[in-house]
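The values are calculated or read from the model by the stated rules, or taken from the named source; none is laboratory data. Just so you know, these numbers come straight off a predicted model, no measurement behind them. Note: ideal-geometry Cβ built from the backbone for every residue, glycine included; neighbour counts use all protein chains shown. When the accessible area is computed, the model is the full protein with side chains, heavy atoms only, and any ligands, DNA or RNA have been set aside. Shrake-Rupley method; radii C 1.70, N 1.55, O 1.52, S 1.80 Å.
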There are 2 protein chains.
Amino acid sequence: MSYKILGKSVNRVDAIAKVTGKAKYAEDYFEREMLVGKVLRSTYAHAKIKNIFIDDALSLDGVEAVITYKDLPNIRFATAGHPYSLDKNHRDVEDRLILTNKARYVGDAIAAVIAKDEIIAQKALKLIKVDYDILDAVFNTEDAIAEGAPIIHEDKPNNIIASSKIEIGDINEEFKNADYVFEGEYETSIVQHCQLECQNAYTYVDENNRIVIVTSTQIPHIVRRIVGQALNIPIGRIRVIKPFVGGGFGNKQDVIIEPLTAAMTLAVNGRPVRLSLDREEVFASTRTRHAMKYKIRTAISKDGKLLAISMNNQVNNGAYASHGHSIAMSAASKFRPLYSFKAIEVKPTTVYTNLPTAGAMRGYGIPQVCFALESHLDDIAIKLNMDPIKFRENNFISLGYEDPLSGIKVRSFGVKECIKKGKDLIRWDEKKKRYKNITGNKRRGVGMACFSYFSGTYPVSLEIAGARIVMNQDGSVQLQVGATEIGQGSDTIFSEMVAEVLGIDIEKVNVISIQDTDITPFDTGAYASRQSFVTGAAVKKAAKEVKNKVLEIASRKCGLNIDELDIREGIIIEKKMGDEICSLSDIALESYYDREFANPITTDISENVKINAVAYGVTFAEVEVDIETGKIKVLEIYNVHDSGKILNRKIAEGQVEGGVSMGLGYALSEQMLFNEKTGQPLNNNLLDYKLQTILDTPKIGVDFVETIDPAGSFGQKSLGENPTISPAPAIRNAVLDATGVAFNKIPMNPQSVFEKFKEGALI
Amino acid sequence: MSYKILGKSVNRVDAIAKVTGKAKYAEDYFEREMLVGKVLRSTYAHAKIKNIFIDDALSLDGVEAVITYKDLPNIRFATAGHPYSLDKNHRDVEDRLILTNKARYVGDAIAAVIAKDEIIAQKALKLIKVDYDILDAVFNTEDAIAEGAPIIHEDKPNNIIASSKIEIGDINEEFKNADYVFEGEYETSIVQHCQLECQNAYTYVDENNRIVIVTSTQIPHIVRRIVGQALNIPIGRIRVIKPFVGGGFGNKQDVIIEPLTAAMTLAVNGRPVRLSLDREEVFASTRTRHAMKYKIRTAISKDGKLLAISMNNQVNNGAYASHGHSIAMSAASKFRPLYSFKAIEVKPTTVYTNLPTAGAMRGYGIPQVCFALESHLDDIAIKLNMDPIKFRENNFISLGYEDPLSGIKVRSFGVKECIKKGKDLIRWDEKKKRYKNITGNKRRGVGMACFSYFSGTYPVSLEIAGARIVMNQDGSVQLQVGATEIGQGSDTIFSEMVAEVLGIDIEKVNVISIQDTDITPFDTGAYASRQSFVTGAAVKKAAKEVKNKVLEIASRKCGLNIDELDIREGIIIEKKMGDEICSLSDIALESYYDREFANPITTDISENVKINAVAYGVTFAEVEVDIETGKIKVLEIYNVHDSGKILNRKIAEGQVEGGVSMGLGYALSEQMLFNEKTGQPLNNNLLDYKLQTILDTPKIGVDFVETIDPAGSFGQKSLGENPTISPAPAIRNAVLDATGVAFNKIPMNPQSVFEKFKEGALI
């Protein structure tokens, strides 16, 4: 397929808005006499609230209201940003109150103050006295599921949110027939999204007695539903507005602060109230990435064929369910269409602990399983004395593979070409040879890792998206989508799609970046790398409808059949001879003002996408390990992606660079730390958390293998989350290559590396 | 037809918003660091601008910019709120610049200042020096069209904007055959809308380099087009937002301040600028009602049959064309489907003068022609010694009448019943008898007048309206219309229509009262009493589409044919047996989340209405005239309307009360006065203008004759403007009845009455 706009490095449509500071984020909105909300948070990891004394706070001048669980409906709700399911069994775990009567982690929301300004609100918080009944707490999965462990939620007496067993093929048979069986244990730690813009929202009751919530969210339509549920208010009385958003990475795919802000405005007769979390609150009281502990057994034939894999996965979910078991299930699924196992058994268990709640984060469980599996494969390759790449290539599935459980079919499979490009970029063979017998204090090595990932959530969840296009009198259009631009560039991609289909300049497409649930077409939001794939299908459908309406008018004017006509650069042409019929703006003007036929061109459609496409990619990394200090330096890193057709090269590269940077932190430095006895967060700020900075980051190499997937509306597959998945195991494998030491736990920060080296007698 | 909601006195949907002050008008919107714009206005009625010196103003601290015509494109544009016409000959007269290089009335916009606050802006205005070349000025039509008169617009050397001759039948033949010929001259004065909210707007350039105009307008989509034209900016780069509006009455059916506010923001790099006119500016520099001078000749047969009428009408249009000749043409048309003349000849001439510009005002020329015609008919009846009612009844057209020029057909004709009701209400026969020979200082009398009026502008103009409905998950809906609520209650009527068609409570309809041209369905706006009639047709169509989609889902669920199903009170029922199938909210939820069929219910439609309906009505008035002081007191006044089906009794009554109040002012007190030599306005404020207050207003009686017109989507016809039309001639005829003195000029304020009585030797 040849496109005029798609595939080019078109500038972001919001570039100027953002660099000039004109883009309005939720905190840039302003209402006169807006009040400030603040949250009183538990200082204990696990404690019943016996009593709360709010009178001193209430009597402070400038305090408008203080609310606790006693003031709110006793309705448990789920916070996960999933589409609602008509099937009760597929709904998320409802274990939250807006304000709790039992603290389950240090930071749990106990009470809220609404005051005239922030200083008064802070003072008032200190005047609230809470009488706690302190309970034993558990912070890791083993302790949580042990006999006699404290019960975090009464209805889950073993602290297990869910556990499951996924089986493909005959696992026992394959292990029985195996020539070799390998085992390994791999562990990832809790990290955080660290999106630039902290969660914040403001809320008021409007002139029609409806609750309006302006919030920094990935999922405005879901916020609307969940606020309604949490407060027992019909969804039609709630309106959610999503302005510009400064990043989410999954942390804003949960409905965390909005029910509380709605409760706050209701407590003050509908006056506007703003709630802005600070960074410490974001770290402890929004969402984290699940720590997972994998135990893997793999059956291999003597010719190096993978026969079967058995994976046991304990998932630390923290204090509330949030996305619950679905991230563990994602990790159990999305790795499958890559290697050709005859049998697979995955047993994930998702466990409550008294830590901050884990939820969606870029990759949705796959960075964890990829770290475990791709580390494991390198461990096996070494033991088999096989080249790790050849070992993998020897075991890849083939084009046309259909996952027996999900039914997802592989219609494009570019991972081998990705490997080829990656090898060339990093000069694999040359370096492999050069570093083979490296010794001394600074040792270098290369490593790689592969991954597979899905495009959206089908068939697990409903994948629905809406788009509305309105053509102006000059032939320019407005585009409304329910899908949310949160920094990833989706508005630019959608604008390109419309311009491509309509044969107009992208400058003629005014994408409405602000979602407003009252009028924005329904879409479940930004997650699962679904937008280009799922919403893209809706946008294409809408644009084609508009094009058709334009050509119908042109056909009426010129007599030629609609099939003979096309739009090129804003001109209606007769396709065969290339004759110019008239301009698109002529048609647009007529559509508004023709006395006989006036009917302005609009379309308002929804698309229920019932397909998925598997994206692939590899990371190649070269490291230098300082044996004495334990410092790992990534010298070069390349991500090569098969994400189908690349719709905008520049934005795609940006996505990959950001994702790899996140992967570098995951591998090397990032980790949320807690006091082992109290559960108190120890590094919940950007100074101590050790996010990667530009100084830590090597040049990130990016390339693509552009397969054209027939499931993508323009041949595209997912790309948003993908780049985060494979850097950590690639770096880990490079370190193994450099030092012979297998790190089975991340992050590989200097301290852990030093300890491991000591343990392995390297130092 | 029987309705559940329509026809009831449903409360206005914006009642609470308005009484609580939560409704946001343009001046309630706020942008940080908003600048203030002010306009320097001409102090001469007619003067060329030789030079403007702005340096002193520019150097004042806090002044951001000063603009004159030199800074703006030299593009002449029309301000009239009419739909654009593809036919060049049907477009409005383009005679305006945003800032003029020649003053044509006292108040013409010469220059504009943009400053940090209003005080600085006012100071800066005083520092601008204008070097004028003062020209002779003309203030009435006779002077303006006289030989050698000063030329106001170079391309109209005789100062005539347009003149025309409308002919039906053989006028000469009828006059030749007439038994009697009567002549009369009637004159109306310049009045103003006096809407509560003065024109105001604020404008900025948004993050996507588009011009955003938040303005108090009746016609947001037309504002968008005209701003684009005036500044030579593609329409797609302009976005107009209409918030709550505090009245318009036609004064906001012109695009007066918006091109200037757009020019202002462009002069300061897109920073937000607010321009709010004060009341004096509104009086002089927005729009007025045309003064008209009628010369009428009427041919009558000896049995009192009207044979022919010839009307000569000179229309004082003021300095700029605005709606141009179309108001004179309206006055020449809308009276026709009432009395059965065999021949009609109307010769209107619309003339430029150096007075404020006349434009659209409630009734659009018909209050003027109605005053002339209905006064004339009473004059004839007296001369024929006939009862004025019987005389009229004797000459009414019949149901089925089709106007030969417009093709408009009378499908409902309730004026006779209106007269019957009105007579009863005022106790006509009794009072007629009682006051017959009244003498003394205080004399009483009764009078009446009839009118006909159209519903919208078809076939003169395009009548197009759009509506979009989005159904929420709970079965409630959002309704978006391009038609504008400006106080008249249209949002309530549309909500009722949707609730009626969908079988739901009106509380379940969230009408979006703010129009935003980016996303609001196209509609030309609030004028010509078109909204219930024209937009109503679109709303009904949209609601029926939504209902159909709901029933399709229900049919899929229950197997019954869609024709067997209906929605009643939010429940899907089987019509014959009345069985309840499921709730509407069940259907709504499924439409969002059904894995197989999800497709949220929306509709986004446009309706090109190609029909008109003639509404009718009468005013009956009883007056007491104080012979010594010239004070006329209206004791009782009744308006009875045939506006087809009354959609909301309470709102309809409100419309009539407001309209009659406006008619009382028109008859008795309102009049814009100007210095006869300089053209300086003398009473351009609410104290001196003599608007009717509640103390001047008798109890206004309202009643309706509910014909059902097949052209109305629910049997309705126009009502908004109608009540203003006939009070003035009814009062005039009552004064004639009381005193024997025929006032052929309004207002009949004490001074003019006193002078007339003196002239007629009554005192």
- [ ] For residue A:156 and residue A:577, compute 0.36 nm times the residue count separating them, minus their Cα-Cα distance, and round to one decimal in nm.
- [x] 144.4 nm
Task: Enclosed volume per residue, in Å³, of the convex hull spanned by Cα atoms of the stretch B:558-610 - done: 131
Task: Where labels lie 7 Å past Cα in the beta-carbon direction, separation of residue A:187 and residue A:71 in nm - done: 4.3
Task: Shielding by other protein chains, A:581-592, mean Cβ within 10 Å - done: 2
Open item on the list: Using the Kirkwood formula on the Cα atoms of the stretch A:1-144, what hydrodynamic radius do you get, in angstrom to one decimal?
Closed with: 19.2
TODO: Compare the peptides A:128-139, B:358-369 by average per-residue count of other Cβ atoms within 10 angstrom and give them in order, highest first.
DONE: B:358-369, A:128-139
Task: Under 18 Å from residue A:758, Cα to Cα: lysines that are on another chain or at least 8 residues apart - done: A:442, A:631, A:745
Task: All aspartates and glutamates inside 14 Å of residue B:756 as judged from Cα atoms, apart from same-chain residues fewer than 8 positions distant - done: B:626, B:628
Open item on the list: Pairs of alpha-carbon atoms within less than 8 angstrom and 6+ residues apart define the contacts here; what relative contact order does the stretch A:180-219 have, in percent?
Closed with: 29
TODO: Leaving ligands, DNA and RNA out of it, work out the accessible area of residue B:444 with a 1.4 Å probe and give it in Å² to the nearest 10.
DONE: 80
Task: Distance (nanometres) between label positions extended 7 Å along Cα→Cβ at residue A:3 and residue B:683 - done: 6.8
TODO: Please compute the net charge surrounding residue A:460, taking Lys and Arg as +1 and Asp and Glu as -1 over other residues with Cβ under 14 Å from its Cβ.
DONE: +2
Open item on the list: Could you work out [θ]222 nm for chain A from helices alone, using -39500 (n - 2.57) per DSSP H run of at least four and dividing by all its residues? Round to the nearest 500 deg cm²/dmol.
Closed with: -8000 deg cm²/dmol
TODO: Evaluate the relative contact order of chain B (contact order divided by residue number), counting alpha-carbon pairs under 8 angstrom at least 6 apart; express in whole percent.
DONE: 16
TODO: Calculate I(q)/I(0) for the stretch B:259-308 by the Debye formula, one identical point scatterer on each C-alpha and no solvent, and give its log10 at q = 0.17, 0.31 Å⁻¹ to two decimals.
DONE: -0.74, -1.07
Task: Cα pair count fraction exceeding 49 Å, expressed as % - the protein assembly as shown - done: 45
TODO: Can you tell me the relative contact order of the stretch A:653-760? Whole percent, Cα pairs under 8 Å, sequence separation 6 or more.
DONE: 39
- [ ] Work out the length of the dipole vector of the stretch B:491-640 about its Cα centre, built from +1 on the beta-carbon of each Lys and Arg and -1 on the beta-carbon of each Asp and Glu, and round it to the nearest 20 debye.
- [x] 460
Task: DSSP-defined antiparallel bridges as percent of all bridges, the stretch A:159-279, nearest 5 - done: 70
Task: Ellipsoid semi-axes in whole angstrom, largest first, where each is sqrt(5λ) of the Cα gyration tensor of the stretch B:477-544 - done: 18, 13, 11
TODO: Could you sort out which of B:342/B:409; A:165/A:293; B:432/B:633; A:38/B:22 sit more than 21 Å apart by Cα distance in this structure?
DONE: A:38/B:22
TODO: Take the stretch A:147-285, compute every pairwise Cα distance, and split them into 10 Å bins from 0; I just need the percent in each bin.
DONE: 10, 27, 23, 19, 11, 7, 2, 0
TODO: Report the percentage of all Cα-Cα pairs in chain A whose separation exceeds 39 Å, rounded to a whole percent.
DONE: 39
Task: Summed side-chain charge close to residue A:519 - residues other than residue A:519 whose Cβ falls under 12 Å, Lys, Arg +1, Asp, Glu -1 - done: -3
TODO: Choose one of A:228, A:471, A:761: the residue whose Cα lies farthest towards the positive end of the charge dipole of chain A (beta-carbon charges +1 Lys, Arg; -1 Asp, Glu; about the Cα centre).
DONE: A:761
- [ ] Using label points projected 7 Å from each Cα along Cα→Cβ, tell me how many nm separate residue B:89 and residue A:699, to one decimal.
- [x] 7.1
- [ ] Report the FRET efficiency, 1/(1 + (r/R0)^6), for residue B:232 and residue A:129, where r is their Cβ-Cβ distance and R0 is 51 Å, rounded to 0.05.
- [x] 0.15
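To one decimal place, what Kirkwood hydrodynamic radius in Å is obtained for the stretch B:332-477 from all pairs of distinct Cα atoms?
19.1
With +1 on the Cβ of every Lys and Arg and -1 on the Cβ of every Asp and Glu, and nothing else charged, how large is the dipole of the stretch B:347-482 about its Cα centre, in debye rounded to the nearest 20? Could the numbers behind the result be given before it?
Details: 21 positive and 13 negative charges, 182 e Å.
The dipole magnitude comes to about 880 debye.
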Task: Those residues of the stretch A:721-757 whose amide nitrogen sits under 16 Å from the label point placed on residue A:434, 7 Å along Cα→Cβ - done: A:738
- [ ] Within a 10 angstrom radius of each residue's Cβ in A:596-606, how many Cβ atoms of other chains show up on average? Whole number is fine.
- [x] 5
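Other chains near A:535-541: what is the mean number of their Cβ atoms within 10 Å of each residue's Cβ?
Per residue, the number of nearby Cβ atoms from other chains is 0 on average.
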Open item on the list: Starting from a Cα-only point model with no solvent, please compute log10 I(q)/I(0) by Debye for the stretch A:302-406 at q = 0.14, 0.24 1/Å.
Closed with: -0.62, -1.31
TODO: Please sort A:702-709, B:81-88, B:29-36 by packing, taking for each peptide the average over its residues of neighbouring beta carbons within 10 angstrom, highest first.
DONE: A:702-709, B:81-88, B:29-36
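Where nothing but the Cβ of Lys and Arg (+1) and of Asp and Glu (-1) is charged, how large is the charge dipole of the protein assembly as shown around its Cα centre, in debye to the nearest 20? Walk me through the intermediate numbers first.
On the way: 186 positive and 198 negative charges, 35 e Å.
Dipole about the Cα centre, nearest 20: 180 debye.
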TODO: List, in the order given, every pair from A:305/A:423; B:347/B:541; A:242/B:508; A:24/B:18 whose Cα-Cα distance in the structure shown is over 31 Å.
DONE: B:347/B:541
Open item on the list: Compute the orientation-averaged projected area for the stretch B:1-57 from the convex hull of its Cα atoms and round it to one decimal in nm².
Closed with: 10.7
Open item on the list: Here is the link list: B:252/B:717; A:547/A:650; A:116/B:252; B:176/B:433. Which ones come out longer than 30 Å on Cα distance?
Closed with: A:116/B:252; B:176/B:433
TODO: Find the sum over both chains of the accessible area lost when B and A are paired, probe 1.4 Å, and report it in Å² to the nearest 100.
DONE: 5100
